[in-house]
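Undergrad: Quick one: the structure is below, and I'll ask about it shortly.
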Amino acid sequence: MQEQYQWGSAPVAQQSAEQVALQQNRVLRNTYLMLALTMVPTVIGALIGVQLNFSFLAGSPLISFLLFLGIAFGFFWGIEKTKNSPMGVALLLGFTFFMGLMLSRILQVALGFSNGGTMIAMAAGGTGAIFFTLAGIASTTKRNFTGIGKFLFVGVVVLLLAALANVFFQIPALALTISAAAVMIFSAYILYDISNIVHGGETNYITATLAVYLDIYNIFVSLLNLIMAFTGERD
């Protein structure tokens, strides 16, 4: 009887494992598709912002920083509440349009250099290389990177506090340090977020897309800051 139970239950366990694997692959595939879609409103928002010379309370950096966080976390809350409905997709795309508008500020600064277009292309290429390399590692290796999540969260909190402090102090060296640290932290977050999908920790493609999008966005902005600091050329 015991042997029959073992033989009878094996296909069930195997079928269950296959279903889990299919679900995880589906979430990962949908995440990549949605991630590609989010680039459209981001680019549109950035182009509109550059054309209109968009400036988000530039005269008051502290209020601008705090208001940005308030709007961003408002979107996060809304996306989390509606992640299982079409409204979640709409809010996610609306958020990425807003982030495109915010991105236009640093793009305007970059385009003020004679080699601005080249620097933007370098930052985009570097971001793409980092993403595809680390996403490939996280999705193909058997190693689970979700254990680094707590350390990365602490790192993000420290980055936010340092960025807030630099709003007052305006120290160029600190700004570069923050950008360099952000590249490393959000690169590691790609490993974490993709691994979280692959190993079943994240089962919703909308929230998964939001997480990976923020990783890519922050890497791009930080790389562009570093590239401008070291290779920017004035006319």
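Every number here is computed from the coordinates shown, using simple stated rules; none is lab data. No experiment lies behind these values; they were computed from the predicted model shown. Cβ: placed from backbone, ideal geometry, glycine included. Neighbour counts: every protein chain shown.
Undergrad: Taking the stretch 192-229 on its own, how many of its residues are closer than 24 Å to G100 by Cα and either part of a loop (DSSP other than H, G, I, E, B) or out of contact with any Ser or Thr (no Cβ under 7 Å at 6 or more places or on another chain) (or both)?
TA: The qualifying residues number 15.
Undergrad: Which condition does G149 not pass, out of (1) surrounded by 15 or more Cβ atoms within 10 Å (Cβ to Cβ); (2) touching a residue at least 60 places away in the same chain (Cβ under 8 Å); (3) out of contact with any Gly (no Cβ under 8 Å at 6 or more places or on another chain), if it passes all the others?
TA: (2)
Undergrad: Can you confirm whether the stretch 59-76 contains a residue that is assigned to a helix (DSSP H, G or I) and either over 30 Å from A165 (Cα atoms) or among the acidic types (D, E) (or both)?
TA: Checked against the condition, which is being assigned to a helix (DSSP H, G or I) and either over 30 Å from A165 (Cα atoms) or among the acidic types (D, E) (or both), the stretch 59-76 yields no hits at all.
Undergrad: If we keep just the residues of the stretch 198-213 that are in contact with a Gly (Cβ under 9 Å, 6 or more places away or on another chain) and over 25 Å from V183 (Cβ atoms), which is surrounded by the most Cβ atoms within 10 Å (Cβ to Cβ)?
TA: The residue in question is I206.
Undergrad: Determine whether A123 is surrounded by 18 or more Cβ atoms within 10 Å (Cβ to Cβ), of a type in the set (G, A, S) and more than 28 Å from Y205 (Cβ to Cβ).
TA: no
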